[in-house]
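A quick write-up on the structure given underneath.
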Amino acid sequence: MDMIYWDHYYSITLLINLLIITGLFASLRLFSGTIAHINASDELLKKDNPAFGISLAGATMAMTIMLSGVIYGDLESSRTETVTVLALFGILGIALMAVTRIIFDKITLPDISLRDEIVKGNIAVAIADAGNVLATAIIIRAVMIWVPLYTISGLTAILGSFAVSQIILTSMTLLRIKVFSFTNKDSGLQNELKNGNIALALRFSGQKIGTAFALATAARIVIYEEYEIFSILAVWFLASIGVILIWKALCFIAHRIILFRVDINQEVLEQKNIAVGALQAVIYVSLGFLISTV
């Protein structure tokens with residue numbers, strides 16, 4: 001038994017934390033349906049709507065990723081403080097994911113109503129929506145772990161880092177949409193998603209998640225300083241841009257090697273080749289993940 005570590009106080013606190021996390025997790029189905037004004041039971045059980053299922057699955061996985069960043073809380077504080085802070089920051093994380101969905105719906109893809117398309121069963125839009133919330137969860141988790149103490153300064157750092165990451169993530173997505181429109185005169189990215197191009201949706205989501213991993217890497221580079229929040233956020237921004245550029249260069253090389261002599265645009269846009277779209281998505285996500293672990 002000497003080989004097994006057991007601290008009664010810490011273990012009980014972690015168990016309580018886990019129960020709170022489980023409660024937040026279990027409420028996701030109701031929360032997700034309410035925030036989008038959709039009856040989750042009808043979509044899942046009566047309509048057998050695969051798009052809503054994919055969207056909810058993405059949100060569920062995103063919740064898991066995000067909550068894993070707050071489950072330990074601040075174990076140096078009293079149990080009551082630890083549990084209270086955990087619950088509050090868990091709710092904050094959920095709220096931030098709701099905010100990013102609004103940004104995605106109203107700013108990133110203004111020509112698409114996520115709710116209407118998902119209710120209609122548009123799988124491509126559901127995949128894009130799932131990719132967006134997963135990307136946000138990856139960033140929030142990294143920030144929650146990056147901030148060692150859940151204080152007012154810590155809250156400022158979390159909100160500031162979230163704002164910086166959303167600016168970068170949204171700007172890069174808007175840039176991709178502009179580039180797509182420039183290189184494909186006959187069709188815009190939003191139109192392709194509305195028309196149900198799953199291959200493009202997979203690539204789009206992969207790019208978003210890969211970018212999020214690159215952004216999360218900033219938490220491993222930038223050292224948290226409680227009393228220099230704004231200076232840290234500036235450094236976070238610069239570090240994120242640098243990592244993203246490295247990630248994009250690696251993705252460019254990987255595409256040239258793995259998809260050698262493949263006309264990617266023809267496969268994804270004209271033939272709607274899901275295999276190629278999925279492979280592209282995996283390249284983006286895998287390289288982003290690898291960078292985040294270095």
Checklist entry - Can you tell me how many residues in segment 280-294 are buried (at least 21 other Cβ atoms within 10 Å of the Cβ) and either assigned to a loop (DSSP other than H, G, I, E, B) or basic (Lys, Arg) (or both)? => result 0
Checklist entry - Name the residues in segment 220-265 that are under 25 Å from residue 184 (Cβ atoms), free of Cβ contacts under 8 Å to residues at least 60 places away in the same chain and under 20 Å from the mean Cα position of the chain (by Cα), would you? => result 245, 247, 248, 251
Checklist entry - Counting residues that are modelled with pLDDT under 85, under 30 Å from residue 153 (Cα atoms) and over 21 Å from the mean Cα position of the chain (by Cα), which helices (runs of 4 or more DSSP H) fully inside segment 29-124 reach at least 3? => result 79-103
Next on the checklist: Looking at segment 221-234 only, could you name the residues that are farther than 19 Å from residue 152 by Cβ and surrounded by 16 or more Cβ atoms within 10 Å (Cβ to Cβ)?
Outcome noted: 222
Next on the checklist: I need a count of the residues in segment 261-279 that are of a type outside the set (Val, Ile, Thr), part of a helix (DSSP H, G or I) and surrounded by fewer than 17 Cβ atoms within 10 Å (Cβ to Cβ).
Outcome noted: 5
Item to check | The lone exception for residue 201 - which of (1) surrounded by fewer than 21 Cβ atoms within 10 Å (Cβ to Cβ); (2) under 20 Å from residue 124 (Cα atoms); (3) modelled with pLDDT of 95 or more it fails | outcome: (1)
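The values are calculated or read from the model by the stated rules, or taken from the named source; none is laboratory data. Keep in mind that what you see is a predicted model, and the values were worked out from it rather than measured. Glycine also receives a Cβ, built like all others from the backbone with ideal geometry; neighbour counts cover every protein chain displayed.
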